[in-house]
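One structure below.
None of the figures in this text is laboratory data; all of them are computed from the coordinates on show. Everything quoted here is computed from the prediction, not taken from an experiment. Using ideal geometry, Cβ is built from the backbone for each residue, glycine included, and neighbour counts are taken over all protein chains shown.
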Amino acid sequence: MVTDEKLKQKNKHLKKKIEKIKIVVTDSDGVLTDTGVYYSDKGEEFKRFSIRDGMGVERLRKHVGIETVIITGENSGSVKARAEKLKMKEYYLGVTDKLKVLEEIKRKNNITEENIAYIGDDVNDIAMMKLVGLTATPADGTFFTKDFVDFICSSNSGNGAFREFAELIIAFKVNK
């Protein structure tokens, strides 16, 4: 049972972490998409993205000056198109070593691990989750990730989980 005191302690813990956040990094499949992909005989055709999650990217930028970066193992035209539509300055496709990309993001943005929030959903995200300042997973993220995150969204992947994480960050940053 969650008591008011436990909730206050959790919020204090999150507030300290969120105060340091300067950039949000997200996985694509399983966070921004619902993990489904549609194939034709020509290959990948479609991925479904949530408009609400896109609004989360825009609200982070507009209300607290935080950019969002996608890192994904997929080399997908759909993800590229989505990143460009959302005017993301950085996105990384076809990544086999997320930690190497993390180093590049830190260098490019002159930040440290504690300045990075990360949302992912599966085992390939855990190494990143162990390093950064604030972490989350969608409600339907794999059970592997749930032990490594600061926040478990109530929304599923591709259905508002990113937006929920974004709003959490905005709420704590705006109400300092």
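If you average the sequence gap of Cα pairs under 8 Å that are 6 or more apart and divide by the length of the stretch 19-174, what percent do you get for the contact order? Walk me through the intermediate numbers first.
Values: 310 pairs, mean separation 48.3, N = 156.
Relative contact order here is 31 percent.
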| remark: One would report the Cα pair-distance distribution of the stretch 19-174, bin width 5 Å, in %, as 2, 10, 21, 24, 23, 14, 4, 2, 0, 0
| Using θ = phi - 60° and the Karplus form 6.51 cos²θ - 1.76 cosθ + 1.60, what ³J(HN,Hα) does each residue of the stretch 16-30 get, whole Hz, x for Gly and Pro? | 4, 6, 5, 4, 8, 6, 10, 8, 10, 10, 9, 6, 9, 5, x
| note | Counting only DSSP beta bridges fully inside the chain, the antiparallel percentage to nearest 5 is 20 percent
| request: For residue 37 and residue 97, compute 0.36 nm times the residue count separating them, minus their Cα-Cα distance, and round to one decimal in nm. | output: 19.3 nm
| task | Report, by chain and number, residues whose modeled amide H sits under 5 Å from the one on residue 135, excluding near sequence neighbours (fewer than 5 apart, same chain). | result | 118, 150, 151
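Set the Förster radius R0 to 25 Å, insert the Cβ-Cβ distance between residue 87 and residue 171 as r into 1/(1 + (r/R0)^6), and round the FRET efficiency to 0.05. Working shown, then result.
Working: r = 23 Å, r/R0 = 0.92.
Approximately 0.65, to the nearest 0.05.
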| remark: trypsin sites (Lys or Arg not before Pro) in the stretch 10-63 lying in a DSSP loop, each with at most 12 other Cβ atoms within 10 Å of its Cβ, come to 42
| Using Cα atoms only, what is the angle between the long axis of helix 51-64 and the major principal axis of the chain, expressed in degrees (0 to 90) to the nearest 10? | 50 degrees
| request: Given the peptides 147-153, 132-138, arrange them by the average over their residues of other C-beta atoms within 10 Å, most packed first. | output: 132-138, 147-153
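Once you've got the Cα coordinates, tell me which of 62/89; 42/80; 10/108 are over 21 Å apart. Mind dumping the intermediate values first?
Working: 62/89 14 Å; 42/80 18 Å; 10/108 32 Å.
Over 21 Å apart, Cα to Cα: 10/108.
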| note | Interchain or sequence-distant (5+) residues whose placed amide H lies within less than 5 Å of the amide H of residue 23 are 117
| remark: Residue-ordered couplings for the stretch 69-78, obtained by feeding phi - 60° into the Karplus form 6.51 cos²θ - 1.76 cosθ + 1.60 and rounding to whole Hz (Gly and Pro as x), are 10, 9, 10, 9, x, 7, 9, 10, x, 5
| field | the stretch 130-146 - phi-based ³J(HN,Hα) in whole Hz, Karplus 6.51/-1.76/1.60, Gly and Pro as x | value | 6, 9, 8, x, 9, 9, 8, 9, x, 4, 9, x, 5, 4, 4, 7, 5
